[in-house]
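All remarks here apply to the structure that follows.
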Amino acid sequence: MTQHIGIVAGSAEGAALCYRTICLEAPAVMGEHNHPEITMNSVPMAEYMPHIRANDWEAVAKLLTAAAHKVAQAGAGFAICPDNTYHEAFKYLIPQSPLPWLHIAGAVAQEAHRASYRRLGILGTKYLMEGSVYPEPEALEEFKIESEIPGEADREKINEIIFKELVNGIFPETSRLYFNEVAEKLQARGCDAVVLGCTEIPLIVRPDDTPLPTLDSTRLLARAALRRALGK
């Protein structure tokens with residue numbers, strides 16, 4: 001039987017993209033108008049952000065655990081979180097979660113390994129870029145893939161774009177071009193691909209106009225969840 005997917009949302013834009021990806025790509029393997037059953041729990045980002053700003057990942061994990069119980073009660077067999085930054089709390093979340101989770105960085109790492117990328121530039125919130133989500137053992141380290149993050153000024157600017165624009169559904173051309181500039185700098189530092197490691201970045205970056213190949217964390221997680229739901 002197809003497994004029921006639980007989505008624990010971060011931002012509305014990122015969660016919507018993840019949900020739509022599953023629903024749009026499932027019919028190709030499941031048949032017309034078909035997709036796995038999906039339950040989404042969406043706690044406002046306003047409840048998470050004070051803990052994230054304080055680097056209190058145990059508190060973030062408590063919120064995620066409460067959401068996990070809700071999707072589990074609805075019948076979900078496993079959960080995903082289409083928010084890269086929240087994964088900083090997974091080391092506290094997993095031991096207390098009522099159901100298993102797929103890790104977004106793990107999905108990205110598997111695709112990077114498949115494509116033979118060896119050095120990835122990481123784009124995302126400053127918490128994500130400066131944190132341990134992608135270097136963790138279950139992610140890039142497993143495949144001996146190295147990573148780079150933008151310089152401090154670029155990290156601050158990217159963080160501002162994400163929280164002032166992208167999560168609010170604002171996608172100006174100036175910001176799109178700025179992401180390209182950052183990718184070009186990462187390319188000059190030896191990166192052979194760039195991770196769109198904020199769930200909303202895929203909504204503004206155009207892969208056909210980016211200096212480096214892109215790894216779309218949101219859609220890669222959605223596809224990993226679809227494969228898991230189908231038992232693949």
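The values are calculated or read from the model by the stated rules, or taken from the named source; none is laboratory data. Note that the structure is a prediction, hence the values are computed from the model and not measured. Glycine also receives a Cβ, built like all others from the backbone with ideal geometry; neighbour counts cover every protein chain displayed. With ligands, DNA and RNA removed, areas are computed over all heavy atoms of the protein, side chains included. Shrake-Rupley method; radii C 1.70, N 1.55, O 1.52, S 1.80 Å.
Table for the structure above
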read-out	value
Pair list, Cβ < 8 Å and 6+ apart or interchain, from segment 87-114 residues that are touching a residue at least 40 places away in the same chain (Cβ under 8 Å) to residues that are among the basic types (K, R) and part of a helix (DSSP H, G or I)	L102/R228; A107/R223
Residues that are within 21 Å of H113 (Cβ to Cβ), in contact with a Ser or Thr (Cβ under 6 Å, 6 or more places away or on another chain) and not hydroxyl-bearing (S, T, Y), drawn from segment 196-232	L196, G197, P202, P207, R219, A222
Qualifying residue in segment 181-188 (condition: of a type in the set (A, V, I, L, M) and open to solvent by 60 Å² or more (accessible area, probe 1.4 Å))	yes
Wholly enclosed helices (runs of 4 or more DSSP H) of segment 126-232 bearing at least 3 residues hydroxyl-bearing (S, T, Y) and either modelled with pLDDT of 95 or more or within 23 Å of M49 (Cα to Cα) (or both)	173-188
Which listed residue is out of contact with any strand residue (DSSP E or B) (no Cβ under 8 Å at 6 or more places or on another chain) and either buried (at least 16 other Cβ atoms within 10 Å of the Cβ) or over 28 Å from M45 (Cα atoms) (or both), from Y127, Y117	Y127
Leading residue by the ranking (surrounded by the fewest Cβ atoms within 10 Å (Cβ to Cβ)) among those in segment 88-114 that are among the small types (G, A, S) and part of a helix (DSSP H, G or I)	G106
Test: N159 is over 19 Å from S116 (Cβ atoms) and touching a helix residue (DSSP H, G or I) at 6+ places or on another chain (Cβ under 6 Å)	yes
Some residue of segment 171-185 being touching a Pro at 6+ places or on another chain (Cβ under 7 Å), among the hydrophobic types (A, V, I, L, M, F, W, C) and closer than 13 Å to T125 by Cα	no
Cβ pairs under 6 Å, 6+ apart, first in segment 135-160 and without any contact (Cβ under 8 Å) to a residue 60 or more places away in the chain, second crowded, with 17+ Cβ neighbours inside 10 Å and part of a loop (DSSP other than H, G, I, E, B)	E138/H103; L140/Y134; S147/Y134; E148/C191; N159/T125
